[in-house]
There are 2 protein chains.
Amino acid sequence: MAPERLRSVDAYWRAANYLTAGQIYLMDNPLLRTPLERHHIKPRPLGHWGTSPGLNFIYAHLNRAIIDYDLDAMYVIGPGHGGPALFANAWLEGSYSRTRPDIARDAHGMATLFREFSFPGGVPSHVAPEVPGSIHEGGELGYSLAHAYGAVLDNPNLLVACVIGDGEAETGPLAASWHSNKFINPVTDGAVLPILHLNGYKIANPTILARITDAELDSLLRGYGHHPIYVTGDDPHRMHQDMAAALDQAVALVSEIQNVARTASSPPPRPQWPMIVLRTPKGWTGPRWVDGLPVEGTWRAHQVPIADIRTDPEHRRQFVDWLSSYRPDELFDETGCPTALVADNIPTSDYQMGLNPNANGGLLLTPLHLPTAKEFAVSTVQPGDTTAEPTRVLGQYLREVMVRNACYRNFRLFGPDETASNRLDAVYDVSDKQWNASVVPSDEHLARDGRVLEVLSEHMCQGWLEGYLLTGRHGLLNSYEAFAHVVDSMVNQHAKWLKVSRELPWRAPIASLNYLLTSHVWRQDHNGFSHQDPGFIDHVANKRAEVARIYLPPDANTLLSVAGQVQGRGV
Amino acid sequence: MAPERLRSVDAYWRAANYLTAGQIYLMDNPLLRTPLERHHIKPRPLGHWGTSPGLNFIYAHLNRAIIDYDLDAMYVIGPGHGGPALFANAWLEGSYSRTRPDIARDAHGMATLFREFSFPGGVPSHVAPEVPGSIHEGGELGYSLAHAYGAVLDNPNLLVACVIGDGEAETGPLAASWHSNKFINPVTDGAVLPILHLNGYKIANPTILARITDAELDSLLRGYGHHPIYVTGDDPHRMHQDMAAALDQAVALVSEIQNVARTASSPPPRPQWPMIVLRTPKGWTGPRWVDGLPVEGTWRAHQVPIADIRTDPEHRRQFVDWLSSYRPDELFDETGCPTALVADNIPTSDYQMGLNPNANGGLLLTPLHLPTAKEFAVSTVQPGDTTAEPTRVLGQYLREVMVRNACYRNFRLFGPDETASNRLDAVYDVSDKQWNASVVPSDEHLARDGRVLEVLSEHMCQGWLEGYLLTGRHGLLNSYEAFAHVVDSMVNQHAKWLKVSRELPWRAPIASLNYLLTSHVWRQDHNGFSHQDPGFIDHVANKRAEVARIYLPPDANTLLSVAGQVQGRGV
């Protein structure tokens, strides 16, 4: 990378780091242009510093690549505790000021940005709906990669950079989600670029993936079907060069995979999609030692690295030195606005990640063309004179939904291997199951491209569908009633996202997440007790009516009528 | 393997396959010694044939290894739909007749075994509490490996053979659980032998791990830290030789790892534990073609491979041919008892997997030596005159629990990286966190052996603890209240296990699974909405009082009083 580009990327990164630390500690005097006094400092500093400099580094380099390659890119940030980093980047690029006109890109806006962060009446400490560009809440960990893959389905030009923290990587849903790449069709879907961020520590422990050998890690990632590119170190100059080269290589590999697949006369073998492994110190560029104990590069950097800058003069001096090390005078002009040096690394508004319309999917939402219930209704002369399997009838309706919306490619059916046993198999008349792993002659209904996605992980089904909906499409998940509990916690988090999004005027409403619960407790006589649990409905019923609706159709025709609600809002 | 041993292993396997198919279809005339008639056949055949011959193959070979090496072995069967296989093996070895004296090892008992299977008033179609030797219910998939690892903690002589289905392998909890081997201490813990059974199909789809390249699969398993041993094919003679050699090698590697670790003056590097990859056709040895469609080796073998032997003469003929192919006259004597040829592959009762006391852990349960609440109570003269952090006080109590039970090694504390942030860190005065991945000088409280296990996966914490309790020990899981929902579904399944076990007189009660929910909704002001959910209590409250109790201690001293219930029964 040319030295002047590197200077700009580095300045952008320093600016983001400055703004991150500022949010954690300060409520006034954001540029430290007057001596720091007690009343400038938050009474209770909150926030997660540890992951943030790495996230800022990634954002800075993604911006560079977006500018150089005109990428249609968005992000999913698994280490969502790094909220201050993403607020910092949104403020820097200007997307935050668009959603929050009261927060300008000047010293006054910066003071508000700082004060509001993780503060009563302010904004959360996580990457939340309030952050423009996000479709993924930090907090409960495990769902980033599934969200990213859901977002790229039927979005052939989109690149989703998905940062996976090495803490999150220990969760089950994340561990399973690596295999999402077996489903992605390089012709009709976009690309996910996983960036595994190894900073080594969780709250109080090292992480597994940071403490296995390099050879094991490489073997694992290749076993997942990826081509890993490593960026390791702590020297900023060298790391900038390495990260830029890694992103250049990743972008080139994605292009090559897509070009080959999109121009081939017959489908090429499943590609080894690139990914980046970024190994940096936790709390990189932050305080190295505090109170005689190492902080940078250890779990002590996880949250607030210097405890008490309000009353401890040594802590305060250390804080000021830390923020000064970013040389803010090079980064912000007299008014507090980012300097040209920083702004050179900000894409134009059409390309900013904070303004990518896919990340505010309601903007892109087009209504489904739905048949009427009557078109598929079971004929009856009087109640009870006909017998019909409701889900079999629904399958015919869903087949027609697929037909009428085929050219929009905006409706998908997800399930853990039960679409046929749930009697929805009429859809296979018009759509295969999407599957990009290997096939054998006896396989049925498998194809590189298809409207149905099946994997034996309710977590992945739910995560993919959430990602698909949050980027402005429609879908339905079918599952045995009992095993919907597997995603109880994901449902909670999605419901929270919807609730908060409703309160943000700039977030356009997305389509509802539709569950069809089948094989109810009384119809699981053959599988028995392990397959019987009617409790998911309890779990959903405690949500508000703006967020969740429950329907209990007693027969085929009422089920069809309910299916007409498939594009409603909410869970 | 010597030919006569192989003959016996093969005969045992054929007997188990015969008994498996019989359970699915027959309710009388179990040995087919008179012509098969309609009233011998179940009106609705139920059960999962597909996975069963592979499970029987594994059981037969584990028996051989147990006999040759005097192994203290038990099993965990992830593909729990293979219930008829495990009932078959339990009946064959005689452990079933011990728990069900009304079912002898003769033709009459065999008829009852067949009739009861997946039949009204009978036994479930899954590996359930009714199966002697099991600590793991089939049905909801994903928890086998975590259960197996929980079972071997503090059981240095135990070998748990854990069969992982390639369907189950797609789930999140299973995908995460592979990394359990980073925690196992070869000195003080036993060994898990994962057996990944690739039969290629789920209900209606191929499985991911069966459809990636051999090189990718090998890379993945080595990346998980294992030394994979492959057994692939469909020719029984050759497969017997290969499987016997694989088990010999695996047993030798486990012995070597444990011997080296247990005699070393300083801990050797983390070992690459062996595992077996068994690739067989689905529905192996069953019908190859039915109604002109391939069955063996496809998803069509998943459940009942021949649909209608009651009324379709061709189907009936095919069924009789199938069962006759096992040559039952070599396997069962006049009375229906297994012949000497079969019995040669059955360990003596002290070594049978169905009778391993670890799999009926209540038999081994010893009460914890608990301090009284008063020993740690916060002094008060009158209510409200003292301030104390309840969990910090509880940490002191738990430290003493560890001290008083140290020589029994039967109490552990599990959590997703929050033991310290939940203020229980007093336990680190007397115990480290068990961690067998690499360490660096700045690490604190990590050791090869420790009472505390932390991993950022509620699923793994829950699964390990369940495995630990089900094998007769005690423990406590601490988690943020909001994220307990991650394991909602596991809690349901464990509660079901407890409910059914209470109805089985031979299952001795195990210790309760204790949750300490912390950082309640109102105390998550710093982490915000994503960390706030009080609903886990709703989820538990719908269980019966015999199975679950909820305590809401309002202060430190009542929390101590509640802690005295730590060895109660139930969830």
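The values are calculated or read from the model by the stated rules, or taken from the named source; none is laboratory data. Note that the structure is a prediction, hence the values are computed from the model and not measured. Cβ: placed from backbone, ideal geometry, glycine included. Neighbour counts: every protein chain shown.
What the table below lists for this structure:
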{"read-out": "In segment B:201-242, residue farthest from B:G283 (Cα to Cα) [restricted to those that are at pLDDT 95 or above and of a type in the set (F, W, Y)]", "value": "B:Y224"}
{"read-out": "Residue match in segment B:172-193 (condition: touching a residue at least 40 places away in the same chain (Cβ under 8 Å), surrounded by fewer than 21 Cβ atoms within 10 Å (Cβ to Cβ) and under 28 Å from A:Q434 (Cα atoms))", "value": "no"}
{"read-out": "Test for A:A60: is it in contact (Cβ under 8 Å) with a residue 60 or more places away in the chain and within 17 Å of A:D344 (Cβ to Cβ)", "value": "yes"}
{"read-out": "Out of A:E466, A:E458, A:E481, A:E418, sole residue that is surrounded by fewer than 24 Cβ atoms within 10 Å (Cβ to Cβ), closer than 25 Å to B:E458 by Cα, touching a residue at least 12 places away in the same chain (Cβ under 8 Å) and among the charged types (D, E, K, R)", "value": "A:E481"}
{"read-out": "Residue match in segment A:105-121 (condition: under 21 Å from A:E503 (Cα atoms), touching a residue at least 24 places away in the same chain (Cβ under 8 Å) and in contact with a strand residue (DSSP E or B) (Cβ under 7 Å, 6 or more places away or on another chain))", "value": "yes"}
{"read-out": "Residue in segment A:361-373 that is at pLDDT below 95 and of a type in the set (G, A, S) present", "value": "yes"}
{"read-out": "Residue in segment B:46-98 that is surrounded by the fewest Cβ atoms within 10 Å (Cβ to Cβ), counting only those that are of a type in the set (S, T, Y) and more than 15 Å from B:K282 (Cα to Cα)", "value": "B:Y69"}
{"read-out": "Unique match (being surrounded by fewer than 19 Cβ atoms within 10 Å (Cβ to Cβ) and either over 28 Å from B:V393 (Cα atoms) or basic (K, R) (or both)) among B:A541, B:A508", "value": "B:A508"}
{"read-out": "Spans of helices (runs of 4 or more DSSP H) in segment A:453-571 with at least 2 residues within 13 Å of chain B (Cβ to nearest Cβ)", "value": "A:458-470, A:488-502, A:536-541"}
{"read-out": "Among (1) among the basic types (K, R); (2) facing another protein chain (nearest Cβ under 10 Å); (3) over 26 Å from the mean Cα position of the chain (by Cα), the one test that B:R423 misses", "value": "(2)"}
{"read-out": "Failed criterion for A:A128 (all others in (1) more than 17 Å from B:G528 (Cα to Cα); (2) buried (at least 24 other Cβ atoms within 10 Å of the Cβ) hold)", "value": "(1)"}
{"read-out": "Matching residues in segment B:31-57 - criterion: being touching a Lys or Arg at 6+ places or on another chain (Cβ under 9 Å) and of a type in the set (V, I, T)", "value": "B:I41, B:T51"}
{"read-out": "The listed residue being more than 11 Å from chain B (Cβ to nearest Cβ) and not hydroxyl-bearing (S, T, Y), out of A:R238, A:R211", "value": "A:R238"}
{"read-out": "Tally of residues being within 13 Å of B:R310 (Cα to Cα), touching a strand residue (DSSP E or B) at 6+ places or on another chain (Cβ under 9 Å) and in contact (Cβ under 8 Å) with a residue 60 or more places away in the chain across segment B:29-42", "value": "3"}
{"read-out": "Tally, over segment B:250-267, of residues that are surrounded by 12 or more Cβ atoms within 10 Å (Cβ to Cβ) and either assigned to a helix (DSSP H, G or I) or under 23 Å from the mean Cα position of the chain (by Cα) (or both)", "value": "11"}
{"read-out": "Which listed residue, of B:R270, B:R300, is farther than 24 Å from B:I66 by Cα, within 14 Å of chain A (Cβ to nearest Cβ) and part of a helix (DSSP H, G or I)", "value": "B:R300"}
{"read-out": "Only listed residue being within 21 Å of A:P194 (Cβ to Cβ) and at the interface with chain B (Cβ under 9 Å from one of its Cβ atoms), chosen from A:G142, A:G133, A:G82", "value": "A:G142"}
{"read-out": "Boolean, B:M243 is surrounded by 19 or more Cβ atoms within 10 Å (Cβ to Cβ), of a type in the set (A, V, I, L, M, F, W, C), assigned to a helix (DSSP H, G or I) and at negative phi", "value": "yes"}
{"read-out": "Residue within segment B:429-452 that is under 24 Å from B:M74 (Cα atoms) and at the interface with chain A (Cβ under 8 Å from one of its Cβ atoms) present", "value": "no"}
{"read-out": "Identity of the residue in segment B:153-201, under 25 Å from B:A60 (Cα atoms) and β-branched (V, I, T), that ends up farthest from the other protein chains (Cβ to nearest Cβ)", "value": "B:V160"}
{"read-out": "Residues within segment B:48-81 that are under 20 Å from the mean Cα position of the chain (by Cα) and either among the small types (G, A, S) or farther than 28 Å from A:H526 by Cα (or both), tallied", "value": "14"}
{"read-out": "Yes/no for A:A204 being buried (at least 24 other Cβ atoms within 10 Å of the Cβ), within 10 Å of chain B (Cβ to nearest Cβ), more than 14 Å from the chain's Cα centre (by Cα) and over 21 Å from B:D533 (Cβ atoms)", "value": "no"}
{"read-out": "Given (1) within 12 Å of the chain's Cα centre (by Cα); (2) away from every other protein chain (no Cβ under 14 Å), index of the condition B:D102 fails", "value": "(1)"}
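Results for (1) more than 30 Å from B:F529 (Cβ to Cβ); (2) within 19 Å of the chain's Cα centre (by Cα); (3) at pLDDT 95 or above, shown as yes or no for each residue.
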site: B:S431; (1), (2), (3): yes, no, yes
site: B:A437; (1), (2), (3): yes, no, yes
site: B:A447; (1), (2), (3): yes, no, yes
site: B:V455; (1), (2), (3): no, no, yes
site: B:G475; (1), (2), (3): yes, yes, yes
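The rows are residues; the columns are (1) touching a Pro at 6+ places or on another chain (Cβ under 6 Å); (2) not aliphatic (A, V, I, L, M).
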{"position": "A:R5", "(1), (2)": "no, yes"}
{"position": "A:P35", "(1), (2)": "no, yes"}
{"position": "A:I41", "(1), (2)": "no, no"}
{"position": "A:G47", "(1), (2)": "yes, yes"}
{"position": "A:G50", "(1), (2)": "no, yes"}
{"position": "A:I58", "(1), (2)": "no, no"}
{"position": "A:I66", "(1), (2)": "yes, no"}
{"position": "A:A73", "(1), (2)": "no, no"}
{"position": "A:V76", "(1), (2)": "no, no"}
